[in-house]
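Trainee: The structure that follows is given in the form of structure tokens.
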Amino acid sequence: PLVSGRDLLEHAKQNHYAVGAFNFTNMENLQAIIAAAEELNAPVIIQITEKSIAYAGLGYLHALGKFAAETARVPVVLHLDHGKEWSTVIHCIRNGWTSVMIDASKKPFEQNVALTQKVVEVARPVKVAVESELGFIGGKEGDITPEGDIYTDVEQAVEFARRTGTDALAIAVGTAHGIYKGEVRIDFNRIKEIKERTAMPLVLHGSSGVPDEMIRQAVEAGINKVNFDTEIKLAHLAALKNFLQEHPGEYDLRKMNEPGRQAMKEKVKEKIRLLSSEGQN
Ligand code: 13P
Ligand code: ZN
Ligand code: NA
């Protein structure tokens, strides 16, 4: 069933596990994610970005996501990932999303606080969870975020949490979006400190390419939501490419997407197992 993002994050926090959050852009992605969660009896978060909205249209994504969540045998949260536009965030809150991210992390601290506060004000009465971001999580080119003051500052995180009332906080601790060129280094102590001081659900972004053991350690340190996108898409792509190599004459899109969907499901299961969310239904 479709559940409140606030309830699920709270459950994860109380029970010291992390919920897997997987991005979808089409039906096959969604079916793979839901099937994986059902097979492992795990709650799951399905999420879309503004780029996916530009690609598929919010109406299609909403219809797909809502159907998937409502018919699933496990708790499912429908989440907006990296919402930057106020209009998108508000639209999702008013139209059945049970969780939204307002990402104003590129704005100066005070503006980030103000915008996040405004979103919380609208979301709170309707029980929609609000995730926000503090610090800079790199990516795009697959470079590792350089160390320095772009990591989430502990004192700032405490102030940010207190002033905004945000339900979950995405923190910059060394991960970056996409696949890494070099070695990944995660500041686990920073996660622990922020957790101790804020006692709130924390979110890890850019989790593709992070070694399994590090994901486990991050969850142990206090992460309650882990975002995976690139790796699950690459699993689909590899299976699709492989199929086309073996069947160069095939033109039925269903036949080539079937192994892709299967491969993505297996990858999602692999990730869910790392988060201790298996059986938390
Ligand atoms: P990856 O693409 O590195 O998995 O990052 C996903 C993410 O953070 C989505 O918000
Ligand atoms: Zn992200
Ligand atoms: Na990554």
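Values quoted throughout were computed directly from the atomic coordinates according to the rules given, and no laboratory measurement underlies them. Worth saying up front: this structure is predicted, and the values here are computed from it rather than measured. Ideal geometry is used to build each Cβ from the backbone, glycine not excepted, and the neighbour counts take in all protein chains shown.
Trainee: Hey, what does the equivalent ellipsoid look like for the chain, semi-axes from the Cα gyration tensor as sqrt of 5 times each eigenvalue, largest first, whole Å?
Mentor: One finds semi-axes of 29, 21, 18 Å for the chain.
Trainee: Amide H neighbours of LEU134 under 5 Å, at least 5 residues apart or on other chains, H built in the peptide plane: list them.
Mentor: Excluding prolines and chain starts, which carry no amide H, the hits are ALA170, ALA172.
Trainee: Next question. Can you sort THR164, THR116 from fewest to most other Cβ atoms within 10 Å of each residue's own Cβ?
Mentor: Sorted ascending by nearby Cβ count, the order is THR164, THR116.
Trainee: Could you give me the ³J(HN,Hα) list for region 98-113, computed from phi with Karplus coefficients 6.51, -1.76, 1.60 and θ = phi - 60°, whole Hz, x at Gly and Pro?
Mentor: Here the 3J(HN,Hα) series is 9, 6, 9, 10, 9, 9, 10, 5, 7, 8, x, 3, 4, 5, 4, 4 Hz.
Trainee: While we're here: Can you work out the Karplus-derived ³J(HN,Hα) for every residue in region 17-34? Use 6.51 cos²θ - 1.76 cosθ + 1.60 with θ = phi - 60°, whole Hz, and x for glycine or proline.
Mentor: For region 17-34, the Karplus-derived couplings read 10, 10, 8, x, 10, 10, 7, 10, 10, 8, 4, 5, 4, 4, 5, 5, 5, 5 Hz, x marking Gly and Pro.
Trainee: What net charge do the residues around ASP81 carry, taking every other residue with its C-beta under 10 Å from that of ASP81, with Lys and Arg at +1 and Asp and Glu at -1?
Mentor: Combined, the nearby Lys, Arg, Asp and Glu give -3.
Trainee: I'd like the Karplus ³J(HN,Hα) series for region 90-96: coefficients 6.51, -1.76, 1.60, θ = phi - 60°, whole numbers in Hz, and an x wherever there's a Gly or Pro.
Mentor: Computed from phi, the couplings for region 90-96 are 5, 4, 5, 4, 7, 10, x Hz.
Trainee: Dipole size in debye (nearest 20) for region 5-274 around its Cα centre, Lys and Arg Cβ +1, Asp and Glu Cβ -1?
Mentor: 540
Trainee: Relative contact order, percent, of the chain when contacts are C-alpha pairs under 8 Å separated by at least 6 residues?
Mentor: Here the relative contact order equals 23 percent.
Trainee: Taking the Cα centre as origin and putting +1 on Lys and Arg beta-carbons and -1 on Asp and Glu beta-carbons, what dipole magnitude results for region 1-68, to the nearest 20 debye?
Mentor: Dipole size: approximately 180 debye.
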